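Any read-out appearing in this document is the output of simple, stated calculations on the displayed coordinates, not a laboratory observation. All of these numbers come straight from a predicted model, not from anything done at the bench. FYI the Cβ positions are ideal-geometry reconstructions off the backbone, even for glycines, and counts take in every protein chain you see.
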Number of protein chains: 2
Amino acid sequence: MGVKERKERDKVEMRDKILQSAQQLFLAKGLDQTSIRNIAEAIEYSPATIYLYFKDKNEIIHALHLDGFRLLVRHFEPLVKFTDPFERLIEMGNAYIKFATTNPGVYELLFVRTEPMEHVSNCLDEEWKEGDRAFDVLFQTVTQCQQSGHFKGLDTQNLSMMIWSFIHGLCSLGISNHIAHVKEARDKKLVVDAVMASTYQTFQTVMERLKA
Amino acid sequence: MGVKERKERDKVEMRDKILQSAQQLFLAKGLDQTSIRNIAEAIEYSPATIYLYFKDKNEIIHALHLDGFRLLVRHFEPLVKFTDPFERLIEMGNAYIKFATTNPGVYELLFVRTEPMEHVSNCLDEEWKEGDRAFDVLFQTVTQCQQSGHFKGLDTQNLSMMIWSFIHGLCSLGISNHIAHVKEARDKKLVVDAVMASTYQTFQTVMERLKA
DNA sequence: CAAAATTACTAAACGGTGTTTATTTTTAGA
DNA sequence: TCTAAAAATAAACACCGTTTAGTAATTTTG
């Protein structure tokens with residue numbers, strides 16, 4: 001009687017199919033241009049069928065959100081090779097910026113859009129594990145920097161939040177095209193990426209000075 | 001024959017009426033819940049009439065965008081009373097945070113949403129004056145800090161961008177509810193405002209250390 | 001094996017969106 | 001008063017997320 005088992009397999013298969021198409025559309029055309037109807041057309045089912053596998057659109061968005069976080073965490077994995085915590089901190093920033101600029105749509109989904117946050121609020125706290133893990137990578141690195149004698153007298157949590165705020169601000173301004181309209185960016189005809197790079201360079205210098 | 005003049009007055013009056021209603025709805029219910037149809041109903045005209053005064057919805061959004069910038073600049077005006085440039089810099093951050101947290105919808109419109117940016121791209125650069133003015137307030141203050149001997153060896157433009165990135169990152173994470181999901185924020189049951197305040201406090205300490 | 005019951009699916013509708021077109025109403029000038 | 005221009009709109013178009021009621025396929029049961 002493997003019927004029930006096969007049906008369950010079919011069910012998750014369909015779920016994956018929906019999610020896969022949703023992701024494809026999302027990466028190609030952005031979140032706002034990814035509609036339930038588009039997804040349905042892509043998988044050659046009626047729109048109503050989607051609702052047999054997902055409660056609503058936000059549940060789909062949330063699933064993509066989780067995938068995005070996994071992608072981010074994967075960007076952080078190579079950082080273990082940097083034994084010096086300060087160096088790792090700097091490289092973490094570079095990895096974060098690279099993730100954001102090469103996957104702007106995903107970045108927006110993770111850290112700019114509020115839709116996934118609203119969904120998370122209605123879930124068990126359990127669901128936010130991925131987010132915690134990503135922040136923890138930063139927190140642990142800052143902790144190790146302080147154990148090495150850097151950043152004395154600064155609260156680890158606050159300093160981590162400060163660093164995240166800066167990097168996130170830089171990335172979101174870059175992605176949302178706000179940097180392109182700042183005077184100097186126009187005058188000097190620097191592209192957004194260059195402004196981001198030189199700004200991060202200055203941040204790096206500032207952190208260096210805080211070491212002592 | 002002041003009929004032509006009166007008609008022109010009527011035209012701008014109608015434009016203002018539309019904009020006023022749009023702003024009211026926008027502040028009350030957010031951008032996404034402010035539809036052309038809502039605005040039309042509020043001014044007791046048909047939706048199609050709106051299009052006799054505005055090319056499309058983005059043109060309305062852009063007008064609100066300009067108003068928002070003026071509001072931000074107004075938040076910066078009291079800062080002239082701080083004669084010490086470093087003190088002014090710190091207070092500027094407080095003013096910015098206050099603006100963002102008390103007008104989250106407006107803040108989102110100015111610095112998170114991309115719709116107004118897209119519209120700005122299709123305009124003369126002239127249109128972005130307000131944005132430049134706001135950034136210039138920061139840039140000039142950083143310049144004066146450096147003239148007072150602070151932040152030696154750091155590029156003014158990059159340092160200004162760094163500061164803006166941090167503050168913007170902090171505000172946007174706060175507004176978008178992402179801070180609320182960071183572990184420590186939950187564990188210690190700190191509200192978002194408290195996390196923002198203590199993070200900014202740490203930033204202030206960091207900037208103090210850079211003075212020398 | 002046929003009938004009943006369950007499951008999978010979808011057509012159609014509801015109420016919403018931004019925007020356009022054709023039409024009607026209002027206004028102004030001769 | 002009649003006509004031409006201007007202003008406003010009704011209705012439609014093409015979308016959107018979502019729900020409901022009903023159909024088609026499949027599985028279980030007698």
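Closest to the B-onto-A rotation axis, which residue of chain B has its Cβ, and how many Å off the axis is it?
Axis relating chain B to chain A; nearest Cβ residue and distance: B:GLY169, 1.
Which whole-number percent gives the relative contact order of chain B, counting Cα pairs below 8 Å spaced six or more residues apart?
17
Regarding segment A:127-212, what whole-number volume in Å³ per residue does the convex hull of its Cα atoms give?
Measuring per residue, one finds 105 Å³ for the Cα hull of segment A:127-212.
From the phi of every residue in segment B:92-103, what ³J(HN,Hα) in whole Hz does the Karplus formula 6.51 cos²θ - 1.76 cosθ + 1.60 yield, where θ is phi - 60° and glycine or proline is x?
Working through the residues one at a time gives 5, x, 4, 4, 4, 4, 4, 4, 5, 6, 8, 10 Hz.
May I ask for the equivalent-ellipsoid semi-axes of segment B:57-211, computed as the square root of five times each C-alpha gyration tensor eigenvalue and listed largest first in whole Å? Before the final figure, lay out the partial values.
Values: eigenvalues 131, 107, 33 Å².
After scaling each eigenvalue by five and taking roots: 26, 23, 13 Å.
How many nm separate the modelled label positions at B:ASN94 and B:ASP32, each set 7 Å beyond the Cα in the direction of the Cβ?
Each label point is offset 7 Å from its Cα along the Cβ direction, giving 3.5 nm.
Residue by residue through segment A:54-63, what is 3J(HN,Hα) from phi via Karplus (6.51 cos²θ - 1.76 cosθ + 1.60, θ = phi - 60°)? Round to whole Hz and write x for glycine and proline.
Per-residue couplings from phi come out as 9, 4, 7, 4, 4, 5, 5, 4, 5, 5 Hz.
Can you tell me the length gained on complete extension of the stretch B:LYS55 to B:ASP16, counting 0.36 nm per residue apart and subtracting the Cα distance?
Going from the current span to full extension adds 12.6 nm.
Once you have a ≥ b ≥ c as the square roots of the Cα gyration tensor eigenvalues for the protein assembly as shown, tell me rounded if a/c is under 1.5, and otherwise prolate or oblate according to whether a/b is larger than b/c.
oblate
Mean separation of Cα pairs under 8 Å and 6+ residues apart, divided by the residue count of segment A:1-54: what relative contact order is that in percent?
Computed over segment A:1-54, the figure is 31 percent.
At 10 °C and a viscosity of 1.306 mPa s, what translational diffusion coefficient does Stokes-Einstein give for segment A:1-54, taking Rh as the Kirkwood radius over Cα pairs? Give it in µm²/s as a whole number.
Answer from the Stokes-Einstein relation: 136 µm²/s.
Taking a label point 7 Å out from Cα toward Cβ, give me the nm distances from A:ASP136 to the same spot in the other copies, shortest first, one decimal.
4.9
Along Cα-to-Cβ, 7 Å out, sits the label point; list in nm, shortest first, how far the one on B:LEU79 is from those in the other copies.
3.1
Looking at chain B as a GNM with Cα springs under 10 Å, which of B:ARG88, B:ARG37, B:ARG70 has the largest mean-square fluctuation?
In the Gaussian network model the winner is B:ARG37.
From the phi angles alone, apply the Karplus equation (6.51, -1.76, 1.60; θ = phi - 60°) to segment B:195-205 and give each ³J(HN,Hα) in whole Hz, x where the residue is Gly or Pro.
Karplus values, whole Hz, x for Gly and Pro: 4, 4, 5, 6, 5, 5, 4, 5, 4, 4, 4.
Residues of A:152-162, mean number of Cβ from any other protein chain within 10 Å of their own Cβ, rounded to a whole number? Before the final figure, lay out the partial values.
On the way: counts 1, 2, 4, 5, 2, 11, 11, 5, 4, 14, 11.
Whole-number average of other-chain Cβ neighbours for A:152-162 is 6.
Distances from B:LYS55 to the same residue in each other copy, label points 7 Å out along Cα→Cβ, in nm, shortest first?
The answer, with the shortest distance listed first, is 4.2 nm.
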